[in-house]
6 protein chains.
Amino acid sequence: MIKASMFFAMAMLSLSITTQATADVTGNRARGMATLDVITGGDTKRRLDTLTDIAPELGEWIVDFAYGDVVSRPGLDLRSRELATVAALTALGNAQPQLKSHIGGALNAGCTPQEILEVIIQMAVYAGFPASLNGISAAREVFNARGINAASQTDD
Amino acid sequence: MIKASMFFAMAMLSLSITTQATADVTGNRARGMATLDVITGGDTKRRLDTLTDIAPELGEWIVDFAYGDVVSRPGLDLRSRELATVAALTALGNAQPQLKSHIGGALNAGCTPQEILEVIIQMAVYAGFPASLNGISAAREVFNARGINAASQTDD
Amino acid sequence: MIKASMFFAMAMLSLSITTQATADVTGNRARGMATLDVITGGDTKRRLDTLTDIAPELGEWIVDFAYGDVVSRPGLDLRSRELATVAALTALGNAQPQLKSHIGGALNAGCTPQEILEVIIQMAVYAGFPASLNGISAAREVFNARGINAASQTDD
Amino acid sequence: MIKASMFFAMAMLSLSITTQATADVTGNRARGMATLDVITGGDTKRRLDTLTDIAPELGEWIVDFAYGDVVSRPGLDLRSRELATVAALTALGNAQPQLKSHIGGALNAGCTPQEILEVIIQMAVYAGFPASLNGISAAREVFNARGINAASQTDD
Amino acid sequence: MIKASMFFAMAMLSLSITTQATADVTGNRARGMATLDVITGGDTKRRLDTLTDIAPELGEWIVDFAYGDVVSRPGLDLRSRELATVAALTALGNAQPQLKSHIGGALNAGCTPQEILEVIIQMAVYAGFPASLNGISAAREVFNARGINAASQTDD
Amino acid sequence: MIKASMFFAMAMLSLSITTQATADVTGNRARGMATLDVITGGDTKRRLDTLTDIAPELGEWIVDFAYGDVVSRPGLDLRSRELATVAALTALGNAQPQLKSHIGGALNAGCTPQEILEVIIQMAVYAGFPASLNGISAAREVFNARGINAASQTDD
């Protein structure tokens, strides 16, 4: 899981890479950036910048509310949270870009490729085979881009 | 989590309560019943019986395929699987009876009420507040029926 | 709106039982009413009346467009159309009242209870077990109200 | 539309009925409560209290983020926002309690019953007749509870 | 089907720019074409022609029913209708081509880019951030194709 | 997994053209392969192989459970089953690759192009025009790849 030291390193890093972080390290913005940096592997700012041209406030809410308020909550570890998100987006089946982001995010949060595949495969039961198959396609794409050999991830 | 001894006790129990279990304890039927018995708290047979009048094969597939093949797979622990299912059903928002079953199943599999609430609350980010609020209603109902005091489950 | 005299004329017509509107019924309104009367078993007017207080035009479009233009088309028989609708509403999982109506409509159009159950059961593959289970609940309710013994409808 | 005087009256009221409002009237909490009070007709606190037992933070985010950050934004009037929400929840079809709340909210924000019905009826085009019919049922229930005679709201 | 001569008559009529069909345009076909021409910016015929090869009747229903019967109704202005449609399609998240069409349609009906963005952003609350983010992508694409500088459309 | 020799045996079997598995094919695997070979036109093995690298068990369940247990059941003919699947996937609108597969599958199972179009068109009533239009796009693509002239398939 996320080691405390790594978490603080990320928090420190996020302070240096965002001009919007408030002075208070305990605030939503810093906490959201720190959590996002774990999920994105440090790529948070670049991703948020894609929203700057058209809906910058959406990016701010993603940091402050979605990740600062919600996903950073202490009651559940980030690995379980990312698996839950992968499950939900696979089942909904209408948000492939975000599903790919969170498959990557789950890996960055410390999930193994097998754990991610297990969640996606399980959705065949709860949302049908098409949803699961499209989740598998998303996973293959993310794994390939990272050089992960999916073939060796599950053994039946 | 599921203790090995409990697992085997359940497997034994399931052998006695189903006439359909094959002799081979490693088969889908027995494995599915054992996993279902953990999730339902031993109430599997009664629940399957509700399908006997109209679609008994659906009940068999739930045991053999859904829980024998998929949910029993070793690559992810049952607690994480139940949280993933709660996430998916909360996000889909169109299967309240099954969401309640799996909130109960998550508790039976060893999840704390707080972990379940965290997953449901998190869905506000990925599927919107209405989905999350209806998930909370389902959780309240399940918790109340079990005498769980939800009020003390989260601390912000 | 729909005149009572026309309604009875249509009801008589539908008694000559065709699962498709006959060629001599030219207008949308008459064709829609004829098809609806097959589906509702002659209960069309009462059902449309439930919309009169609040959205009568919705009722008119259901007759003229949905059933007069679309469902009455000659390219596919009414039985197959009702099974397709049962499939879609089971998969969507968010329109139980309409699903029940069309399970009844499928019976009225000449589908057997078993055929209807097969379609609902099949949705476990394409939309997941929860969707299929809730479809089964809808079918049980409709079958019970009609005194259909579901237990004898499928044999595995 | 919302008269400025009514808005400020609501803002003042909200300051007195919440113990959580910060001193700064321009903050999210106060703004969210003021907007919510328009939508709920002053019933905000009671509704939020239904979450206190189990997920109080969800209630806080509804005030601070959903209504303080998003719905209070100046770029679109509250009437149009409530109609957009009624459209979305009708189309999704899986959140009837929230749909009813927002039909009431649209009325409170100054929409006429006819405007609300028009949006719900329009969803027949974009999400199908079942979604629209279930939206009409929700509207009938809300209108009836308020003594609104729906029959006189549309003229075709 | 739609005669070219009638199309040009309608196109001329629509040039007299009304966001609502005038009273003297009585039939569904003419009213639907007039409303569609406002939404498509006069590009209706070309778009309908894309259906001629495979499902021409679908195109006719879009004109006669969807826009002639429903969207042309006088009870709500076309701007509000288009915003409602953008809200619904953003929330559903499974119809990107149509979402883009209606973002363009909203602009053609007189909505400002900011109003459209506000509705899409608002869907983060009711359908989750992924739905909203994918709606933003659709808007960016439409705005870019029209040379609209989205960056200056919202101010927080 | 599925042995090539068995695959060819099955392919031969399917040549004796039945839209239903014959009684002598007893096991799930063989029955599933036989049904899949009708649907895929003998292309089953190649399609399953696309899953071998990442989720081979998903491919096995598709054969054994989805097609061996469910879709091969005798209570409904394969043509009706494929039309039901096309209806469901068109309505859901979030699984275009699978919708295309099943439009091809419906053709292979003996449905006419017109019957398939009728089901897709009908979904405009139950799931809205956007779902239907995107289903039409999927059908056009499949028909074009097979040299089917869609223009001559419907006559209004």
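All of the numbers you see were taken from the coordinates with simple rules; none came from a lab. This is a predicted model, so every value here is computed, not measured. No Cβ is skipped: glycine too gets one built from the backbone with ideal geometry, and neighbour counts run over all protein chains shown.
For the reader, a short list of remarks on this structure follows.
- Coil-residue trypsin sites (Lys or Arg not before Pro) of region B:44-73, DSSP, other Cβ within 10 Å capped at 11: none
- 3J(HN,Hα) from dihedral phi, region E:103-108, Karplus parametrisation 6.51/-1.76/1.60, rounded to Hz, x for glycine, proline: 5, x, x, 5, 4, 5
- Assuming charge only on the beta carbon of Lys and Arg (+1) and of Asp and Glu (-1), the dipole of region B:28-119 about its Cα centre is about 100 debye to the nearest 20.
- FRET E, pair C:R47, D:E141, Förster distance 25 Å, beta-carbon r, rounded to 0.05: 0.85
- Positive minus negative residues near D:T44 (Lys, Arg vs Asp, Glu; Cβ under 14 Å): 0
- Take the convex hull of the alpha carbons in region F:30-156; its mean projected area over all directions comes to 8.1 nm².
- Fraction of the pair-distance distribution of region D:78-152 above 18 Å, Cα-Cα pairs, percent: 27 percent
- Proximal aspartates and glutamates to D:K100, defined as alpha-carbon separation beneath 13 angstrom and excluding residues fewer than eight positions away on the same chain: D:E82, D:E141
- Comparing Cα centroids, region D:85-101 and region E:20-93 end up 23 angstrom apart.
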